[in-house]
Amino acid sequence: MTETSRLVSKITINGSLEAIWRELTKNDEPQAAVFNAWLHAQALVPGASLQMRTADGRNVLVIGKVMAYEPPYRFVHSFRFTQYDDPECVVCYELKQLEQGVEVSLIVENLPVGTRTAKDMAGGSQLILNTLKAVVETGKPAFGTRVMYFLFSKLGFVLPAKTRAEHWPL
């Protein structure tokens, strides 16, 4: 059995619950806070399949299933990177209204210890929250993040063939 851990990242954002919720769950444009990936889902209801795709739609980066969808407070889904053979984990976004803003928690459960997924999630979770804060508070990601997203858009050809969308029908 794979050893697992739990990762909790939090941030307080000066914005509305609705704006934060929209950025985390929108599927009509790239999610600036989540590496500029597109959320594709059968529906945002428990049991529905979802994917995070590159902006051009050619590659599927993440697959999973919606586990809970409780607007605008809680969104939970299973999560597996398509480029790795690591076991899936569970990602939970929780939003809580505070007097000084909205606390956003990004919680990863059943994170397989010692895997590429664990390494990527440890580095990516805080980046997602920091970018979410920038997008909600200023309307755009930080300059360095925008440069990174530009490079992602030009370097899709380096992604493994196993991430190609034709291998991951929704």
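Take the residue pairs 65/140; 26/140; 96/140; 96/119 and return only those whose Cα atoms are more than 18 Å apart. Where the Cα-Cα span goes over 18 Å, the pairs concerned are 65/140; 96/140; 96/119. Net charge dipole, region 56-145: roughly 200 debye, given to the nearest 20, about the Cα centre with Cβ charges of +1 for Lys and Arg and -1 for Asp and Glu.
Residues 80, 74 ordered from highest to lowest accessible area at a 1.4 Å probe: 74, 80.
Listed by chain and number, the aspartates and glutamates whose C-alpha is less than 12 Å from the C-alpha of residue 133, apart from same-chain residues fewer than 8 away, are 23, 103.
Rounded to the nearest whole Å², what accessible area per residue is found for region 1-125 with the 1.4 Å probe? Each step should come with its number before you reach the end.
Details: 5990 Å² over 125 residues.
Per-residue accessible area for region 1-125 comes out at 48 Å².
For region 27-162, the percent of C-alpha pairs falling in each 5 Å distance bin, counted from 0 to the bin holding the largest distance, reads 2, 9, 17, 24, 23, 17, 7, 2, 0, 0.
Once you mark the GluC sites (Glu not before Pro) that are in a DSSP loop and have at most 11 other Cβ atoms within 10 Å, what is the longest gap between them in the chain? Here the longest run is 4-98.
The values are calculated or read from the model by the stated rules, or taken from the named source; none is laboratory data. Everything quoted here is computed from the prediction, not taken from an experiment. Because the Cβ atoms are built from the backbone with ideal geometry, glycine has one as well, and the counts that use them run over all protein chains shown. Protein only, heavy atoms only, side chains kept; ligands, DNA and RNA dropped before computing areas. Shrake-Rupley method; radii C 1.70, N 1.55, O 1.52, S 1.80 Å.
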